[in-house]
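These notes are about the structure you will find just below.
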Amino acid sequence: MEEMNLLRSTVNRLEALALPYCITGSFASNYYGNPRLTHDLDIIIAMNENQIDAFFEVFSKGGYVDKDAIREAIRQKDMFNVIYSQVGLKIDFWVCKESPFDLEMFGRRKKVEIAENLEAFIASPEDVILSKLLWAEKTHSDRQIEDAKGVYEVQEGNLDMDYLKTWAAKLNLASDLEKLIKSPPPNTF
């Protein structure tokens, strides 16, 4: 439950700062697919150097964040984190990249009710699948494939398959997506 409290607090802070954001990663795959334990939040933000001081002021209360790491992440279009060691959680903030896929994913984010009295912007299920496949390719992690498969299985009838297949081809993930679609569901006892 600590993770949900952290998410609620984070969303409130980002909205108070008027920073556009998009929840992604394991939390997004848990929302759309098969839940699994995670100890971090992944959030894409659209942020520039003029917003560093305000961000730092808001997020350094109760957590550890490094201004230089924020500045470097903005310059490199990379990631920085805020660590809440007292509860064993962290938030990975990913500065939105300017690649066509990243901009498309950020533009397609949708506001949904994640929990009672908590609406937040989250990546679409199609974009969660694609980003999980991208991460699987980079990290060779079966967990990423399992997350993507879970989202696909739960959302199968609701997915925009044309979008999914078009972007999979553009991202050189067409064969990975095809394997994911054709793989049998896991055995459940």
Next on the checklist: Looking at S85, S124, can you tell me which residue is small (G, A, S), more than 24 Å from A18 (Cα to Cα) and without any contact (Cβ under 8 Å) to a residue 60 or more places away in the chain?
Outcome noted: S85
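Yes/no per residue for (1) among the charged types (D, E, K, R); (2) surrounded by 13 or more Cβ atoms within 10 Å (Cβ to Cβ):
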position: F101; (1), (2): no, yes
position: I114; (1), (2): no, yes
position: L118; (1), (2): no, yes
position: K132; (1), (2): yes, yes
position: E137; (1), (2): yes, yes
position: D142; (1), (2): yes, no
position: Y152; (1), (2): no, yes
position: E156; (1), (2): yes, no
position: L180; (1), (2): no, yes
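Condition check ((1) free of Cβ contacts under 8 Å to residues at least 24 places away in the same chain; (2) part of a strand (DSSP E or B)) across all residues:
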site	(1), (2)
R36	no, no
I43	no, yes
I52	yes, no
E57	yes, no
K61	yes, no
I74	no, no
F80	yes, yes
D92	no, yes
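Residue-by-condition table, conditions (1) within 14 Å of Y31 (Cβ to Cβ); (2) without any contact (Cβ under 8 Å) to a residue 60 or more places away in the chain; (3) in the same structural domain as I44 (by TED's automatic domain parsing):
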residue: L130; (1), (2), (3): no, yes, no
residue: L134; (1), (2), (3): no, yes, no
residue: E137; (1), (2), (3): no, yes, no
residue: I145; (1), (2), (3): no, yes, no
residue: V154; (1), (2), (3): yes, no, no
residue: L159; (1), (2), (3): no, yes, no
residue: Y163; (1), (2), (3): no, yes, no
residue: K170; (1), (2), (3): no, no, no
residue: S175; (1), (2), (3): no, yes, no
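The values are calculated or read from the model by the stated rules, or taken from the named source; none is laboratory data. This structure is a prediction, so every number in the text was calculated from the model and none was measured. Neighbour counts run over all protein chains shown; Cβ positions are idealised from the backbone, glycine included.
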